[in-house]
Amino acid sequence: MRTRLQKSGIIQQFIGYLIFLSILPVIVIGFTAFHTSRTILQQETIRYTLALVCNQRDYLDLQLEQIESLIANISGVEEIRHVLADEADTLNTFTALATQARIGYILNGYSNLRGLVSIDIFTVHNAHYHVGDTLNVENIRHDVHEDLFQRALQNNGFVTWTGIEENVNVNSSHKKVITAAKILQTTDHQTLQPRPIALFLVNYSVADLYDHFQQANLDDNAYLMVLDGQNRVVYHPDQALLGQFVSDSFAQLFTSVEGTFIQEVDDQAVAISYVRSAKSGWLVLGLVPLQTLTAKTASIGRTTLVMSFLCFAIIGFAAFLYNRDVVLPIRTITHRFQQLQTMPAALQAPLPTHGHDEIAELVQWFNAFQDSLIAKQQAEAQIQASLLEKEILLKEIHHRVKNNLQIISSLLNLQLEGLHDPAARAVFEDSKNRVRSMALIHEQLYQSPNLAHIDFAEYVTSLVNYLVRVYRVDESRIRVHLSLASLYMGIDTAVPCGLILNELVSNAFKHAFTDDRQGDVLITLQPIAKGEATLEVSDNGVGLPATIDVQNTASLGLQLVATLVRQLKGTSHTANWDPDNAYHTVFTITFPVSTRKEFLLDETRPLASSG
């Protein structure tokens, strides 16, 4: 008897392991702080960007208001409107110079307006008045002039902000300008309808607007954009993009007056804040890459990552110790258990014992178990040898019984050869079939892997095929159908059922189809409840005579059926000439079956002819 080891160590090791695991909450808190700070920073930056674009929108509206005020002042001068309304042949050099001087005088009052490039007035009579950065107005882009004139005509507003355009004056140093257009009109005295008399253009400097937006305070890699009403770039840090159209898919993202969303731009996630000008319909956008937003939290992330690696290193070392002192011995025992399935315990040496804790006690108990297992395996080997010997003996018995029954059947065949009386031959033939039905059971038993049970469905198939051959059944005239469920029976049930089936099928073949009558025989085997089954033999032949009493008859076959049903502790039912049934004669036997083997319902055989 092994002495019980004192318990110590494993509880303390487990508590220490849990203490090391308590570092994990610190790691969770660190990463939570990192993600929280990053989220808050993103929200605050997006909020700041939205406020910034709103301020820039207000600045842009202020600039546009000043330009509109300039246009209102100039277009409201009656002298200018009177001159512009005159017919072309009434104009002379003096009036043209006076108008030019008047426009220059008014422009001088707005000299503090930054970014103003030029003012142009094009009359419908092809007169041109210009004040601006250049006095050379010989070269005019007529296509631009005509496009601006048509767009201004179609607009019902006070001023048409066409956006960034090619400068109508080719000789100007400002190739691209922001253009405001207005149609000057007068009332026709004959029709009393307004008619256009001139196109009023004010050109604003793109460079001045660029310098202003460049000063906006945004983080690295973040920038502003301004889009005009036609989705052309009015401002972008890359001046090469000025005047270019943005993609339709990008322009369709801005469906409201203002908002913020995340979008992929140039293969990186960007937070876009935007606001639309109610005056001009232009968009002011602030684009901030998410990578820029998270860059400021990188130090928190790096610190948390370093602490995480440190904590994991500590946990790894603790896990190494725990694995060496606790897990590895248990794994060795587990591996030894696996080896016991393929290798006899007697061939394996006992495990070594180290220490005095619970693991050492577990190893010691395993060694004790292995000793008892060796003794058990030796005893089981003796039992298996005895069972094998008995199984061989039982198979031999079934084989000998089957052979003896076959000898009896052969003797009956020899006796039949000397008989000429039909009645006597029928008696011997029936006896031979009964012997054959019992021999089939023993034949299946010694061929079956289970010596206690046979699959009665297979037996029924074999017996019916035998009877079809014995009675020389014409299968084109008498069709046999089988509907059999796989049902296992012991010999005590199988032998009576086999004899009953032999009598009923033999009677059907001999008596049901006289006078060359055609018909069908149906044999059904089905479980109906746990522990019960039915065997049914039906035919649509001539039917039983009305005078015969199945339970009290002189027929040896039917007497044998009634006796065997009582032996099975079952019940029988006979239906004859049932108008609701396609089969005229139906013998139904209900009997209990052994509960040691449950019914096997996985394989139900469909109706099929068998011969």
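If A72 meets every condition in (1) exposed (fewer than 15 other Cβ atoms within 10 Å of the Cβ); (2) at pLDDT 80 or above; (3) farther than 19 Å from A181 by Cβ apart from one, which number is that one?
Just one mismatch for A72, condition (3).
Being within 29 Å of L209 (Cα to Cα) and within 40 Å of the chain's Cα centre (by Cα) is the filter here; which residues of the stretch 25-73 pass it?
The answer is Q42, Q43, E44, T45, I46, R47, T49, L50.
I'd like to verify a number: residues in the stretch 458-488 that are touching a residue at least 40 places away in the same chain (Cβ under 8 Å), farther than 27 Å from A533 by Cα and surrounded by 15 or more Cβ atoms within 10 Å (Cβ to Cβ), how many?
Number satisfying all stated conditions: 1.
Which residues, taken from the stretch 348-362, are among the hydrophobic types (A, V, I, L, M, F, W, C) and surrounded by 14 or more Cβ atoms within 10 Å (Cβ to Cβ)?
Within the stretch 348-362, L351, I359, A360, L362 meet the criteria.
Report, by residue number, each residue of the stretch 120-145 that is modelled with pLDDT of 85 or more and farther than 17 Å from R195 by Cα.
D120, N139, I140, R141, H142, D143, V144, H145
Under 8 Å between Cβ atoms, at least 6 apart or on separate chains: pull out the pairs that start in the stretch 124-145 with a residue that is in the same structural domain as R81 (by TED's automatic domain parsing) and more than 20 Å from A98 (Cα to Cα) and end on any residue that is among the charged types (D, E, K, R) and at pLDDT 80 or above.
As it stands, the answer is R141/E166; V144/E165; V144/E166, since those pairs meet every condition given.
Anything in the stretch 467-499 that is outside any strand (DSSP E or B) and in contact with a Leu (Cβ under 7 Å, 6 or more places away or on another chain)? List them, or say none.
Within the stretch 467-499, S486, L487, I491, T493, P496, C497, G498, L499 meet the criteria.
Regarding S506, is this residue more than 14 Å from A533 (Cα to Cα), among the small types (G, A, S), surrounded by fewer than 16 Cβ atoms within 10 Å (Cβ to Cβ) and out of contact with any Ser or Thr (no Cβ under 8 Å at 6 or more places or on another chain)?
No, not satisfied.
Which condition does E44 not pass, out of (1) within 30 Å of R302 (Cα to Cα); (2) in contact with a helix residue (DSSP H, G or I) (Cβ under 7 Å, 6 or more places away or on another chain); (3) surrounded by fewer than 16 Cβ atoms within 10 Å (Cβ to Cβ), if it passes all the others?
Answer for E44: the failing condition is (2).
The values are calculated or read from the model by the stated rules, or taken from the named source; none is laboratory data. Quantities reported herein were computed from a predicted structural model and do not represent experimental measurements. Positions of Cβ are backbone-derived with ideal geometry, glycine not excepted, and every protein chain shown enters the neighbour counts.
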